[in-house]
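> Here it is, the structure in full.
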Amino acid sequence: MADRMPGGAPGRTHGAAPRTPPPTRPGPASHAHPRDLAVQAAVARGLVGPGEPVAGLLDVDGIRRSAAELRSAFEEFTAPGTPVLHAFAVKAASLVPVLRLLAREGLGCEVASPGELALARAARVPARRTVLDSPAKTRAELREALALGIAVNADNPEELSRIDGLMASAPSTAPIGLRINPQIGGGSIGAMSTATGTSKFGVGLRDEGARAWVVRACLDRPWLTRLHAHVGSQGMSLKLMAAGVADLYHLAEEINEQAGRRQIDTLDIGGGLPVNFASDAVTPTFRDYAALLRSTVPGLMSGRYGLVTEFGRSLLAKHGTIVARVEYAKSAGGRPIAVTHAGAQVATRTVFAPDSWPVRVAAYDVHGLPKTGAPVAQDVAGPCCFAGDLVAENRPLPLLGSGDHVALLDTGAYYFSTHFAYNSLPRPGIHGYTAAPDGTVRFATVRAPQTLADLTAESGGDTPDALRGLT
């Protein structure tokens, strides 16, 4: 099979982006899982193959379904008329077409950098549905957000003082909040725990004098109308997340009581709903969390406050698949090893912290069909040039051979946003798909594969003699 892109375009080296392929009907497989249909169709169309040995696939119907489940969960438990903005955490899938799809499903964007804000604007997400969170906002970022009317959550007293100056010189009607760390403890993944006693995020509410300072800071600033806390993330329990939201709610009640009016009118409760990476089951659900919030903090959803959420991983993870070609099959020490094109460059967290970020691996044959056969314990290795580049170790799978394919499941969130450019491996293409009941699969390119020409230019290829004048 020639190393060419779909439609006859040359592969990576020549820089041609693939055209959106026509619909593919893999055959009479209406009973098959949409993911299996998509993998087979991707292999048939050459989206994954010798010329493009790794690619990402996104289930568009699944993404829309998750967005609908989020909206309906909060609609069920909040009082009619309660303003609720679900702002998708852009860091989880920093892809403009994905942000645009979610915007069409009624979601906004939570951004944490100038780049993420630029992506949200490119997706035409309105400023009024955008929230800026970051622990290191520059004056220029703050000035831009306030001028655009984007909601800003100040992270610390110094940043709030900076906003004071900007508001004095150019008053803004943008919603402004203060991020609180309720300091209720961490979860099972330390690096993902945002509410520990020494977390870098927000104002530590249990630090000496902090609560009184927060109350005073709000009372002195009539334009400070929001409070924000982000307690959850992978490894956090729902009970702990709800406890953090309860602390935020009670703080708002205290501020409003002392103000003698409804100064705090909106609570941003963050996101961070954990994801089940062990099976296809979606647990916990958005409804589980909304029901727990309603029972733990009854006043939260009574209509007293507008709400903002910032879910990311829980919206996208289940709807992404990384498909990679097995280049070689070998063995060492009696253990089979499948050397593939999916490793640390696309699954960085899984490779470096496999206990915290395990990934399911599915085996497919040379045609992209689910592979059968007795499970054999084997390693699934990536292409990076270090020994630990393994996405699965001693994993029972049908024995993989050269030309087969592996799929890393539940990789719709973060895996497509956090490419690790080790060994100058190009970023893979990402393709959205829909799979009809009759087996017809349609693809649209979300992000074209990075070409070697693009990669070389990023690495100073256009200025090879830039250092000569310094020697």
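None of the figures in this text is laboratory data; all of them are computed from the coordinates on show. In this text the structure is predicted, and so the values were computed from the model without any measurement. Ideal geometry is used to build each Cβ from the backbone, glycine not excepted, and the neighbour counts take in all protein chains shown.
> Once the Cα atoms of the range 251-380 are picked out, what are the Rg and Dmax in Å?
In order Rg, Dmax, the Cα atoms of the range 251-380 give 22.9, 74 Å.
> Rounded to the nearest 20 debye, what is the charge dipole size of the chain about its Cα centre when +1 sits on each Lys and Arg Cβ and -1 on each Asp and Glu Cβ? Show your work: numbers first, answer last.
Details: 46 positive and 43 negative charges, 141 e Å.
Taking the Cα centre of the chain as origin, the dipole is about 680 debye.
> Tally Lys/Arg at +1 and Asp/Glu at -1 over every other residue whose Cβ is under 13 Å from the Cβ of PRO336; what's the total? Could the numbers behind the result be given before it?
On the way: positive: LYS330, ARG335, ARG395; negative: ASP379, GLU393, ASP404.
It works out to a net charge of 0.
> Which longest uninterrupted range of the chain lacks any trypsin sites (Lys or Arg not before Pro) assigned by DSSP to a loop state (not H, G, I, E or B) and surrounded by at most 12 other Cβ atoms within 10 Å?
Between the exposed loop sites, the longest stretch runs 263-471.
> Quick one: if you stick a label point 7 Å off each Cα along the C-beta vector at THR471 and SER424, how many nm between them?
1.7 nm
> Binning at 5 angstrom from zero up to the longest distance, how are the C-alpha pair distances of the range 200-303 distributed in percent?
2, 12, 20, 22, 17, 12, 8, 4, 2, 1, 0
> On to the next question. Give a residue-ordered list of calculated ³J(HN,Hα) values for the range 91-104 (Karplus: 6.51 cos²θ - 1.76 cosθ + 1.60, θ = phi - 60°; whole Hz; x for Gly, Pro).
Residue by residue, the range 91-104 yields 4, 6, 7, 7, 10, 4, x, 5, 4, 5, 4, 5, 4, 5 Hz.
> Given a cut-off of 13 Å, what percent of all Cα-Cα pairs of the range 103-159 lie beyond it? Intermediate results must be reported in sequence, preceding the final value.
Details: 879 of 1596 pairs.
Everything past 13 Å amounts to 55 percent.
> Could you work out how far helix 60-77 tilts from the main Cα principal axis of the chain, as a 0 to 90 degree angle to the nearest 10?
20 degrees
> Still on this model: Rounded to the nearest 5, what % of the DSSP beta bridges within the range 253-355 are antiparallel ones?
65 percent
> Restricting attention to the range 64-93, which GluC sites (Glu not before Pro) occupy a DSSP loop and are surrounded by at most 11 other Cβ atoms within 10 Å? List each step's numbers first, then the result.
Working: sites: GLU69, GLU75, GLU76; in loops: none.
Filter output for the range 64-93: empty list.
> Continuing with the same structure: Rounded to two decimals, what ratio of Rg to Rh does the chain give with C-alpha atoms and a Kirkwood Rh?
1.01
> Shifting gears a bit: Averaging over all projection directions, find the projected area of the Cα convex hull of the range 318-471 and quote it in nm² with one decimal place.
Average of the hull's projected areas for the range 318-471 equals 12.1 nm².
> Quick one: how many lysine pairs in the chain have C-alpha atoms under 22 angstrom apart, if they're 8 or more apart or on different chains?
Qualifying lysine pairs in the chain: 6.
> Summing +1 for each Lys or Arg and -1 for each Asp or Glu, what net charge is found among the other residues whose Cβ lies under 10 Å from the Cβ of ASP280?
+2
> What number do you get for the range 121-190 when its Cα radius of gyration is normalised by 2.2 N^0.38 Å, N = residues?
1.25
> On to the next question. Let me see the P(r) profile for the range 414-471: every Cα-Cα distance counted, bins of 5 Å, each bin given as a percent of all pairs.
Each 5 Å bin holds this share of Cα pairs: 4, 14, 16, 16, 13, 11, 9, 6, 4, 2, 2, 1, 1, 0.
> As a check on your grasp of the helix formula, calculate [θ] at 222 nm for the chain: sum -39500 (n - 2.57) over DSSP H runs of n ≥ 4, divide by the residue count, round to the nearest 500.
Helix-only estimate at 222 nm: -8500 deg cm²/dmol.
> Same structure, new question: Let me spell out the model: positive unit charges on the Cβ of Lys and Arg, negative unit charges on the Cβ of Asp and Glu, origin at the Cα centre of the range 307-451. What dipole size does that give, in debye rounded to 20?
With Lys and Arg at +1 and Asp and Glu at -1, about 140 debye.
> Can you tell me the length gained on complete extension of the stretch ARG128 to ASP454, counting 0.36 nm per residue apart and subtracting the Cα distance?
113.9 nm
> Give, in whole angstrom and from largest to smallest, the semi-axes √(5λ) of the equivalent ellipsoid of the range 117-264, with λ running over the eigenvalues of the Cα gyration tensor.
Ellipsoid semi-axes (Å, largest first): 25, 20, 14.
> Here's another thing I want to ask about it. Return the Rg/Rh ratio of the range 139-179 with Cα-based radii and a Kirkwood Rh.
0.90
> With axes computed from alpha carbons, what is the tilt in degrees of helix 157-169 against the longest principal axis of the chain, rounded to the nearest 10 within 0 to 90?
70 degrees
> Something else now. Give the percent of DSSP beta bridges with both residues in the chain that are antiparallel, rounded to the nearest 5.
50 percent
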